[in-house]
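Just below is one structure, and these are the notes that go with it.
The values are calculated or read from the model by the stated rules, or taken from the named source; none is laboratory data. Since the model is a prediction, treat every value here as computed from it, not as a measurement. Reconstructed Cβ throughout: ideal geometry from the backbone, glycine too, with neighbour counts over all protein chains shown.
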Amino acid sequence: MLSQQEQIEKRLEDMPETCRGHYRKAMKGRSMKAAITAFCLECVGYVRSEVDICTDIGCPLYPFRPFQAIPWKARKVKAGSGGFRVKAASDVSQSASA
Ligand code: SF4
């Protein structure tokens, strides 16, 4: 079994150079955005435009996927308990149609 570092190196070798930055940033554990980007890119075989036209609307990452033609309009909205939560694009479209 490969060590984590060996698995990381193997993955890096298998992906285009343009995608490696997102992956490296994600693997440092400091950016969920980079993790989502890296995962979506890997999911579609590293074809950036394919992430935008992803059809798996049931995927839990779908509302948060990067490279959408309509930029993800994340903004903080006040949650009931006084805290904040991030509003996803799908929330925006639902509230616009209501
Ligand atoms: S949102 Fe689409 S591209 Fe991203 S992980 Fe899910 S299925 Fe793959």
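S97 is checked against (1) within 16 Å of the ligand (Cβ to nearest atom); (2) modelled with pLDDT under 95 and fails just one. What number does that condition carry? Looking at each condition in turn, S97 falls short on (1). When the residues of segment 44-71 are filtered to those that are in a helix (DSSP H, G or I) and surrounded by fewer than 16 Cβ atoms within 10 Å (Cβ to Cβ), the one that is nearest to the ligand (Cβ to nearest atom) is E50.
Scanning segment 5-43 for residues that are surrounded by fewer than 16 Cβ atoms within 10 Å (Cβ to Cβ), under 11 Å from the mean Cα position of the chain (by Cα) and of a type in the set (A, V, I, L, M) gives a single hit, M32. How do the pairs read when you match residues in segment 21-46 that are free of Cβ contacts under 8 Å to residues at least 24 places away in the same chain with residues anywhere that are of a type outside the set (A, V, I, L, M, F, W, C) and assigned to a loop (DSSP other than H, G, I, E, B), using Cβ under 8 Å and keeping only pairs 6 or more apart or on different chains? Sorted first by the residue in segment 21-46, then by its partner, the pairs are K25/S31.
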